[in-house]
Amino acid sequence: MKINITIAGRNYPMTIDAAKEELYRVAAKRLNEKISEYTRIPKFDAQDRVAMAAFRYSMIALATEQQTSLGDQDIQELEKIEQRIRRYVKE
C-alpha cells in the first residue's frame, strides 16, 4: 500500500504493509507533536527541532531495550534458581 506521511511539513511517500498503516500514521503524528514542542525554544530552527525529537525517541528506544535486557537477565536468574531447586528436590 502506498501512503504519504508528513513530517515537519515535508511529505514522504512510502510503500508499507496495509496492516501497519495506522502504526505509521500514529508514529508520524507523535513525531510531529514532539517537533512542535521544540518551537518554544527560540534558537531552534526546523532542523534542530527534528534532531531533538529524533534524539528523544532514540533515548526512549534505548531505555526500552535496556529494560527488556534486564528483564531477560532476571528470567535467566530465575531459571537458574529453578534448576537448583529441582536438583535439590531430586536428592
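The values are calculated or read from the model by the stated rules, or taken from the named source; none is laboratory data. All of these numbers come straight from a predicted model, not from anything done at the bench. Heads up, the Cβs are rebuilt from the backbone with ideal geometry, glycines too, and the neighbour counts pull from every protein chain shown.
Could you say whether any residue in the range 24-39 is within 22 Å of the chain's Cα centre (by Cα) and surrounded by fewer than 11 Cβ atoms within 10 Å (Cβ to Cβ)?
Within the range 24-39, one or more residues are within 22 Å of the chain's Cα centre (by Cα) and surrounded by fewer than 11 Cβ atoms within 10 Å (Cβ to Cβ).
Do we have any residue at all in the range 40-58 that's of a type in the set (Val, Ile, Thr) and at pLDDT 90 or above?
Yes, the range 40-58 contains at least one residue that is of a type in the set (Val, Ile, Thr) and at pLDDT 90 or above.
Looking at (1) loosely packed, with under 10 Cβ neighbours inside 10 Å; (2) assigned to a loop (DSSP other than H, G, I, E, B), find the lone condition where Tyr88 falls short.
The number of the failed condition is (2).
Note down all Cβ pairs under 7 Å where the first residue falls in the range 12-33 and is under 18 Å from Ile60 (Cβ atoms) and at pLDDT 95 or above, the second is in a helix (DSSP H, G or I) and of a type in the set (Lys, Arg), and they're at least six residues apart or on different chains.
Close Cβ pairs (under 7 Å, with a partner that is in a helix (DSSP H, G or I) and of a type in the set (Lys, Arg)) do not exist here.
Scan the range 40-85 for residues that are among the basic types (Lys, Arg) and either more than 23 Å from Thr6 (Cα to Cα) or surrounded by 10 or more Cβ atoms within 10 Å (Cβ to Cβ) (or both) and jot them down.
Answer for the range 40-85, where residues must be among the basic types (Lys, Arg) and either more than 23 Å from Thr6 (Cα to Cα) or surrounded by 10 or more Cβ atoms within 10 Å (Cβ to Cβ) (or both): Lys43, Arg49, Arg56, Lys80, Arg84.
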